[in-house]
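To start, the structure itself, in structure tokens.
The values are calculated or read from the model by the stated rules, or taken from the named source; none is laboratory data. Every value quoted in this text rests on a predicted model; they were computed, and no experiment measured them. Here the Cβ positions follow ideal geometry from the backbone for every residue, glycine too, while neighbour counts run over all protein chains shown. Surface areas here come from the heavy atoms of the whole protein model, side chains and all, with no ligands, DNA or RNA. Shrake-Rupley method; radii C 1.70, N 1.55, O 1.52, S 1.80 Å.
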Amino acid sequence: MKEIYEASSRMGEVSESALKTYGKDKKTNNNLFISISKAVGLFFASQMFSMILITVYLVHTNFTKKETAEGVGYNFSLGMSEILSTNSILILLLSEIFMIAIFVLYARFKENLSLQSLGFVRKNMPMSYLAGGAGAALSMLVLALICKATGAMVFTHDAANVPLLILFAVGFVIQGLAEEVMCRGYLIAHITRRYSVKTAVIASSILFALLHAFNPSGISFVALINLFLFGVFASLMFLYSENIWLCAGFHTIWNFVQGNVIGAPVSGIPIPSIFKMNANENMSIINGGVFGLEGGIPVTVILVTGCVILYFLIKRKEKRTQRNRSVKGSLQTQ
């Protein structure tokens, strides 16, 4: 993954040349606004497929026959409870496959970006995905213990619907990969054609946060900051691992464990779960309130810690690579 690694190796350098771009088309005229606009346009294009599917489902399930004086008529009623029903959420998650397809096809055939530059590499694929998932599961365990110890949450066990959990697991695998392909794979590879890696990380993380800001439950300032930090953390995972699988695995298990295991809302959206979570309304700074754990300070601490660790790992990897290059160069000159 030469392209991604060259990007990650620039993060600690201060020379002007180190802040230039990588990729095949270094003279691209796309400015930052155009790059982000393209990503947003592709995102909404992919969501059209989701909206068509969800609309068909909602119309089909909410038309009811009604006896009237004139005969049998039809009545259509639709509220937020129907939009956020379990089946509706599942359809939205599974239909994110269209986002993956649109971004990959556009990047490959329109932007001339290789699949490798988007992070689709075979090397270490299973281990990277599992490592990301394990990190997310551990993070969620720590968050649940903090909430329980502080009294911010009370957990009660509920009967698990195994087939439903499996469907949600598949849905989150697709959704996690889709958002990583968009915000990490495509945007970082696209923006760094002209701008620095730091600019790409910040811009993609801001977009990631804003795309979640319109979730139906509303969003707090802390939640918005945490979503931005999650974007930075995922970007650093992408740059360090040189593939999409580490951050995709983390994203998938982060959402699945938070929603389907712990029982917390996922970015404000309630999900069927193994445990039922009763949040203490007076401790929303810890449990995140109606937005879920992502709206609490403990998530801030975990994400900041993760970003710091990954930054130093990238720096260490960069120094090791430079040292190896120096040794190799000296051997060649002998």
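Points to keep in mind about this one:
- Ranked by the mean number of other Cβ atoms within 10 Å of their residues, highest first, the peptides 199-212, 308-321 come out as 199-212, 308-321.
- When all protein chains stay in place and ligands, DNA and RNA are ignored, the 1.4 Å accessible-area order of Lys198, Lys110, Lys38, largest first, is Lys110, Lys198, Lys38.
- Glu96 accessible area, 1.4 Å probe, all protein chains in place, Å² to nearest 10: 20 Å²
- For the stretch 133-196, with all protein chains in place and a probe radius of 1.4 Å, 75% of the accessible heavy-atom surface sits on carbon or sulfur.
- Accessible area in the full protein assembly, largest first, 1.4 Å probe, for Val181, Val142, Val301, Val40: Val301, Val142, Val40, Val181
- Area accessible to solvent at Phe33, 1.4 Å probe radius, in Å²: 150 Å²
- For the listed residue pairs Lys123/Lys315; Lys198/Lys319; Lys148/Lys315, the alpha carbons are over 25 angstrom apart in Lys148/Lys315.
- Positive-end ranking of Ile253, Ile314, Ile274 along the dipole of the stretch 208-334, with charges on Cβ about the Cα centre, is headed by Ile314.
- Magnitude of the charge dipole for the stretch 121-233, about its Cα centre and with charges confined to Cβ atoms of Lys, Arg (+1) and Asp, Glu (-1), is about 500 debye.
- The accessible area of Ser85, taken with all protein chains in place and a 1.4 Å probe, comes to roughly 30 Å².
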